[in-house]
Amino acid sequence: MVCIPVHRLTRTVGSVFLVYAMLLNSGFAQVQTDKQPAQVIDGYRTIEWPDLMPKEDLDALLNPPESLNHIPDGSEDDQIASQMRLAIEQANDSRYQQALVSTRVVLDFDGQAVRLPGFVVPLEFDAGQQRVTRFFLVPYFGACIHVPPPPPNQIVYAEFDQGFKLERLYEPFWLFGTLRATLIENDMATAAYTIKVDRLEPYTE
């Protein structure tokens, strides 16, 4: 397995769009140039976040506009809000900007039983308000809450009728379930995929 190092994407966290520095350095997402056969556990195919992104979108995000590489470290423009504004203004209608908001999906995964790691963003609870039943699964901690959401094709809307008690937002999980290429819009974010969850497990490598 050959991974693309993060330093090729960004000099600092703020030098190129923050979201994708974190995504590709999350520990869940490894961009591979020689894909190995997917691991199958209990009938669930293990996938990584870049797998859910069409190649054209991934290539665009790995090659951001040159202008984003010339922001002084520690400057005002190196901050999250300024970086988002610059990404939009300078990329404008470029392929890079389109990838930042892409709802394009990989149809090969539609209807597949998959195993995917990520962080939970709660959306709905059961009647007792103790167990999370609807949530977004995202590739890095704080997405949609503390930092901007990733593109829709990097967000999975999850339904887990039996629910589960979420003790800490910063604890990742493995989700097991059937993935669908279905667009779900929410006030918080838009997801290009949904998953009917069969079970969750604490994340371990």
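Hey, quick one: spin label on residue 41, modelled 7 Å out along Cα-Cβ, who in segment 176-201 has an amide N within reach, i.e. under 17 Å?
176-179, 197-201
Can you tell me how much longer the chain between residue 169 and residue 107 gets when fully stretched, taken as 0.36 nm per residue apart minus their C-alpha distance, in nm with one decimal?
Numbers: separation 62, 0.36 × 62 = 22.32 nm, distance 2.98 nm.
Value of the extension gain: 19.3 nm.
Write down the accessible area per residue of segment 94-205 in Å², having rolled a 1.4 Å probe over the full set of protein chains.
Numbers: 5250 Å² over 112 residues.
With the other protein chains kept in place, segment 94-205 gives 47 Å² per residue.
Which order do 110, 161, 51, 187 take when ranked by solvent-accessible area (1.4 Å probe, heavy atoms of all protein chains), largest first? List each step's numbers first, then the result.
Details: 110 65, 161 95, 51 40, 187 165 Å².
So the residues, ranked largest to smallest area, are 187, 161, 110, 51.
Can you give the accessible area of residue 169 in Å² (nearest 10), computed on protein heavy atoms with a 1.4 Å probe?
60 Å²
Report Rg/Rh for segment 101-173, rounded to two decimals, where Rg is the Cα radius of gyration and Rh the Kirkwood radius. List each step's numbers first, then the result.
Working: Rg = 12.9 Å, Rh = 13.2 Å.
Radius of gyration over Kirkwood radius for segment 101-173 works out to 0.98.
Among the chymotrypsin sites (Phe, Trp or Tyr not before Pro) in segment 100-205, which ones are in a DSSP loop with at most 15 other Cβ atoms within 10 Å of the Cβ? Mind listing them? Spell out each step's value before the answer.
On the way: sites: 109, 119, 125, 135, 136, 140, 141, 157, 160, 164, 170, 173, 174, 176, 193, 203; in loops: 140, 141, 170, 203.
Taking segment 100-205 and a limit of 15 other Cβ atoms within 10 Å, the loop chymotrypsin sites (Phe, Trp or Tyr not before Pro) found are 170, 203.
As an exercise, use a Förster radius of 35 Å and the Cβ-Cβ distance of residue 56 and residue 196 to find the FRET efficiency, rounded to the nearest 0.05. Intermediate results must be reported in sequence, preceding the final value.
On the way: r = 28 Å, r/R0 = 0.80.
E(calc), rounded to 0.05, equals 0.80.
The values are calculated or read from the model by the stated rules, or taken from the named source; none is laboratory data. Here the structure is a predicted model, which is why all the values come from computation and not from measurement. Here the Cβ is made from the backbone with ideal geometry for all residues, glycine too, and neighbour counts use every protein chain on show. Please note that ligands, DNA and RNA were not included when accessible areas were found on the heavy atoms of the full protein model with its side chains. Shrake-Rupley method; radii C 1.70, N 1.55, O 1.52, S 1.80 Å.
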